[in-house]
Amino acid sequence: MRLDKWLWAARFYKSRGLAQSAIEGGHVKINQESAKPSREIRPGDQLSIRIGEYSWDVTVLALEAERGPAPDARLLYEEDEDSLARRAQAMEARKLQHKPEAERRGRPEKRDRRSLQRFRGR
């Protein structure tokens with residue numbers, strides 16, 4: 001089965017086109033090697049998948065040509081414990097980051113507007 005088709009069926013990407021772009025961009029590796037979208041995969045292959053700031057290290061368990069519901073897609077692979085822990089830690093760190101936009105509500109007041117103008121040098 002083609003790598004791009006499996007990534008789409010396993011619900012890592014919303015379309016095969018996105019999966020192909022990620023593979024060509026070097027975000028997906030098979031057994032620590034770069035791959036092409038048409039590369040054939042088999043059960044037992046190790047995949048490293050990077051999407052944004054998150055990464056998965058998975059082992060292919062089964063092949064499925066059709067895209068099904070998410071619970072069925074999770075049965076196509078098994079994620080390594082280290083990968084799961086790293087991803088959980090990255091999600092937790094992202095939640096704890098300070099978000100300045102959370103403090104702002106609505107339009108700037110007169111005081112906020114004047115401080116913005118001073119900052120911009122106007």
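Quick notes on this structure:
- Lysine pair count for the chain (Cα-Cα distance under 25 Å; residues 8 or more apart in sequence or on different chains): 7.
- Shown here are the Rg and Dmax of the Cα trace of the chain, at 20.9, 63 Å.
- With the alpha-carbon atoms of the stretch 7-72 aligned to their principal axes, the span from lowest to highest coordinate is 27, 23, 23 Å, starting with the largest.
- About the centre of its Cα atoms, the chain shows a dipole size close to 1560 debye [charges on the beta carbon of Lys, Arg (+1) and Asp, Glu (-1) only; nearest 20 debye].
Values in this text are rule-based calculations from the coordinates and carry no lab data. All of these numbers come straight from a predicted model, not from anything done at the bench. Glycine also receives a Cβ, built like all others from the backbone with ideal geometry; neighbour counts cover every protein chain displayed.
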